[in-house]
Each structure stands twice: as structure tokens, then as C-alpha cells.
């Protein structure tokens, strides 16, 4: 018997199968998906590989498989193969997403081992021990004290014994040596939910609209059918309660559920809701802020069927669930469901493929659906379920737009408009909470010399450095390079260095000045670097009488704070001015989502949006919280300009430290695409430097292609990559991305 294997390597030349003989003694252990160790090339160490096919013989002279380990299922291998072609990457890179975290064989020294502790038990029957005490075989009073303690606390540890009996480890070891006690290795679950304490809750009574949505999905579950639903509901309409009751139904049928959330910062509140309903044991959580050991243990609990509900970010879609019954993607419009790293997969596409193959429902939930999703819902590809009212009968907040041009004309150069200042002041008097949203971290977004116009840029990337006041440093948000604050212009020597733009640190400083009595907390990438820091910030804001939360977009989605009655948007234009066809869509989504944080209980909510472009339709529609009017305007523009959903945008990206080679390769690729793609179906733009043309000392070029990606085009582009990697372009790396989030 012969196995075709894929070597675990990101090298493009190794993205093919290799034949290995299966020794007779392990033939019954080898299946499609098995992880094996094989001798490869001239390498001394064995290489990790996965079996993708088994056949009777090979036309080559082949080596034996050295060792077999537990691997993936044939379904996972099939999915990895599909992903590799769909997302133009190595199959092994897709397989990595499905492996148990911390078990890659190549990193044997760093593999995550099960964490164990030594626990102490009585080895003899206690009556026998008592007899030995009476016969004075056990002479020490400390021995008796320890034996009595272990009798009452079997499974305790030696440190426990030392603490509670005031006896040394040496005495415990003597009792083990003499056969009275035994030490047993016990596995510890590294469960990230152990510290959570949440009161149990019961199902809430569903509103009429919630009940209709529940019934539609419930019917699909009963019929074991695949169906895709869009649960489109205003902020606070109770989408999560619908999720909870559907999952309860699935669990009662002994099936599992996957729930994806876009941000790690959303996970704590979502977890609290789920734990209160289902308990900690039923839930596994997966996201990047967990340690590798915690992810490993959660993965194993899912694989063993101990955890029936998986909650996590994008990569949780690959969790090894047993008997999956439903997939839910909350805040489905969020861009984080699309990976920017290889493999450049879209979790919504993966979820749809899994749901279709397992005949289960897929629910996409949002108050501001992705334009493409809503287009499919309007055209019958997805069933639309609407929730038009808030579940607790509270009203949507009143939204006010402030024209910052008028504020400047009136002499107000503060970051806060007069109206927002007054509203914050009133909220502080009323002891209510405020959220201030600014989607830029740092203090100043760029630094320029007013004498010569020189802008300080990163030495590795062609991008402005951002000033961070708390560390008094300049930082590049692309490569992480830092340098000390510049006081004199490197170009002309002038000391007329000025800071332009505004970030969350500067806003925090400004609020401190204007409202010194207010308690503030900030939430952005710079404040959540430590483990669980995102959860700590949210808990502090909710439970410790913090007056004002300042943050980037991680504060706008999904959170429920009963005392928040005011939301201020400092600069609504920041997302309008990006070089992307989705700029208006993202602006509308962010403004509507942040507005939804206000007035979620019985207290009325108020939102103040500050903008230099108050007449823009995305800002006007966000004020009315009117998604459907916004959608009609936006879809008409997309159709006219032929943007998604009316086509796909394919970016062929190049990066290299060799400027001459990158230009040469980009032109070769352009000629290939012109020759091999149907020019009537695809519009191919000439290769050009990317908007940010240098990152981490590597030049960046791109080719943009507009058209509908079909099987034929996919095959053509995969053939292109195969041909290029057979040629000797040592330095230039090529990637292909379909409908990327980031156009720069």
C-alpha cells in the first residue's frame, strides 16, 4: 500500500503530493487525514506530513513512512484541498488551521503537553492504618495528622498538606515510601472559563418577531435541512436570545453548535450570556488571547464531545465538533471574518460550505448587514428574518449631527463640539455613563515640520509614524518600528515640529482637562495587550462607576451597558476618507453600531455625531438608523460602478526587496492574465505600486482584476502560480486575494 502525502511546509514548490510506502505493521492505522512522519530529501530530521490519498502502488522508488500519529478526518482533508484552490495557497497551510493547537510535530520541543499535578491518596484501607497506629508502627504524631487530613481530603496536593497540617514534604514522602500514601499524576484542564461566576438564567419570553424567526430556523433543524438565514434586527432587538433558544433546541438533540463573534472584546459578554444559560462545562471558547495550552485543552474538549457549544473568533469555524447542528455568525458584516494572512479565507464561505455538507442551518446576524449579504437576501439566496423593534420595548436613541465646519466658524477648536460638551456635563451630573468613539489610536496621527513640510515616516515602510504620548515615542502601526520623539526636523533642522490629527490618547488627555472630576477608561489596541485585559476594562466600566469609556471600534459592537445613555462620535469622517469602495458602507455600519450602545434599557439614549461632511448619505441614514434607505442608495452606486456584489475584485499582490525584480514579475503576470483570462468577462488593470508602496523594507505592487470569479478563472490563476514558482524568482512573493478587506 502507498500513501500520497502533503508535506507540512509553506514553500510553494512543496505544494504537491509525494508517495511513501506504508509498512505492513502500520497499514491498519493509516487513513486519509492521518498525520505521519517521513524522511524527506536530505533533511536529517523526519518531516511532518498528512495522508491525502491511499493507493495500491507507485511508479517511483519510494521510502517508508516512519511513524503515524492521530491526524485529521477525510472530511477535513477534503475541506483543506478545496480551500487551497479557492484561496490560492498551500494545502498544508489550510491543514494547520484544523490541527490541535500546540501539536505540530516539527516543534517537538515546544509541543503542548497535558498539564499534570501530583495528587495524594491513601494506599491502605484506613482501618488497616488505624491498626498500625494502635500497634505503634506509625510512631509520629505528624504522620497521624497527615493521614487524617488525606482521609478527609483525598486528591489533595503536597502543598495543600504542608499548608493545612504544618508538616514538611519529607514526612509526606516517608509515608509514600512506607506504603501508606500514593502519589497519582492528575491532568488539569486549562479552562479559561474557570474564573467566571455567572448567575443562572432561564429562557426569556420571545417577542412576536423573535418567535417567527425562531420557528423558521427551528423547522429547518427538525427537517435536517441546509438553509442560510439572515437575522436582520435593529440594535437591541434580541438576536442573541434567538440564538440561545435555537442552540438549546440543538443541544437537546445531542448536537453541537458553533457561534462566531468578530472581536475578542465581544467574547466576554457573549460568554456570560451563554454560561448563564448552559453552564461552563458545555462551552468551549477559542480566540487568540488564550494561551496555546488553553487552546489545546479547549480543542480536545470539543473533539471529545465534552463541549457542545463553541464560541470564538474566525478560526473557531475549524473546531472539531461532533455532530454539528447549527452555525451562527454574529455581526456578520464585520470585516474580521475575512483573513488577511495566508490562507486568505472568508469564515462565512467556510461556514456555508460546512453547513451545506452537513445539512444544517447557518444564521448570519446583524443590525447592519453586509451589502452583499442583504443583496442575496433580497434575491432569495438567503432567507430574510426581520426584528424591527427592541426586545425590551426601549426606544432607539435620538441621533444628532454636528457640523464641525460650523464649530470652527464659531471659534471652537476643541475636539468636543459645544453640544457634546454640554451632554457629557449633564451625564456626569446625572451619574450616567458615556462612550466616546474615535477610530484612531495613539496621540497624533502624523508629525510634520511647518518650516519645510517634511513628514516623519517609518524607516521600513512608506507610512507616517504615529505619536504615542504615554511612552513618548513614535510608532509605525504596520511593522511595529519605534523611535524617540523628534524635536528637530531631520531635513532642515528647524524646531517647528507640529503634531496633526487626533488619536484616542489625545482625546483622553483632552477629556481629563475639560472634565477633571470624571473617571475615565480607554480601550484600544494599546490598552489590551495583556491577557484578559479587554474583559477587565469592560468589567470595570460596567461595575466600578467609570463615567466615560473612550475607545476605537472594539467598543461599538454588541456590548450591553444599561447605564450608557450618551454616545459621542468624535470624527465620523475618518472611515469616509479611506481609499476603498466600501468607505460609505463601513461608515454607516460603525455609526449605527455605536449609536446602538445608547439607551438600551429604560433610560432614553442620545447620540452626537461630529462630522465635516454632515450631508453625506451614509451619515444622514445613520442618523435615522435607516439601513434599507442606505442600502438602496449604495446598491445603485455599486451597480453603476460595477463593484461587488455585481462582480468580484481580485488583487494579485507582489512584494519584494528587489525593485527591479518586482516590476519584471508583475509585468509577466499581467501579460499572462491578459492572454489567459476572458477579456470580455474580466477587466484587468496594469500593474502599479500599491497605495502604501513599501512595508518592512519590501516594495509592494498590485494588479487589480474586476469580474466574476468562476471555476475556469480559478483554475487559470492557480496555473499561473504554479508556473511562476517553477521559475527562479527568489525574492518576489505573490499572493492572490478575492474581495480583500484592505485595498492598500
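None of the figures in this text is laboratory data; all of them are computed from the coordinates on show. Everything numeric here is computed off the predicted structure, so don't read it as measured data. Because the Cβ atoms are built from the backbone with ideal geometry, glycine has one as well, and the counts that use them run over all protein chains shown.
Here the label points at residue 723 and residue 166, each 7 Å from Cα along the C-beta direction, are separated by 8.5 nm in the simple model. Diffusion coefficient of the stretch 1-103 by Stokes-Einstein, Kirkwood radius over Cα pairs, 4 °C, 1.567 mPa s: 95 µm²/s.
Please give the length that would be gained between residue 482 and residue 55 if that part of the chain were fully extended, namely 0.36 nm times their separation in residues minus their C-alpha to C-alpha distance (nm, one decimal). Don't jump to the answer; show the numbers that get you there.
Numbers: separation 427, 0.36 × 427 = 153.72 nm, distance 5.48 nm.
Difference between extended and current length: 148.2 nm.
When all alpha carbon pairs of the stretch 116-187 are counted in 10 Å bins from zero, the resulting P(r) reads 21, 60, 18, 2 %. Subtracting the Cα-Cα distance of residue 222 and residue 322 from 0.36 nm times their residue separation leaves 34.2 nm of extension gain. Modelled label positions at residue 130 and residue 710, each set 7 Å beyond Cα in the direction of Cβ, lie 8.6 nm from each other. Estimated from helices alone, the mean residue ellipticity of the chain at 222 nm is -10000 deg cm²/dmol (sum of -39500 (n - 2.57) over DSSP H runs with n ≥ 4, per residue). Modelled label positions at residue 145 and residue 579, each set 7 Å beyond Cα in the direction of Cβ, lie 7.5 nm from each other. Cα extents for the stretch 295-397 along the principal axes, largest to smallest and rounded to whole angstrom: 43, 32, 28. Of the residues 254, 524, the one with the fewest other Cβ atoms within 10 Å heads the list, and the complete ranking is 254, 524.
Suppose the chain between residue 674 and residue 536 were pulled fully straight at 0.36 nm per residue; how much longer would it get relative to their current alpha carbon spacing?
Details: separation 138, 0.36 × 138 = 49.68 nm, distance 5.38 nm.
So the extension gain works out to 44.3 nm.
Mind giving me the FRET efficiency for residue 248 and residue 378? R0 is 35 Å, r the Cβ-Cβ distance, nearest 0.05 is fine. It would help to have the intermediate numbers written out before the result.
Details: r = 31 Å, r/R0 = 0.88.
Computed FRET efficiency for residue 248 and residue 378 comes out at 0.70.
The ranking of 631, 337, 226 from fewest to most other beta carbons within 10 Å of each one's beta carbon is 226, 631, 337. When 534, 468, 512 are arranged by Cβ crowding within 10 Å, least crowded first, meaning fewest neighbours, the order is 512, 468, 534.
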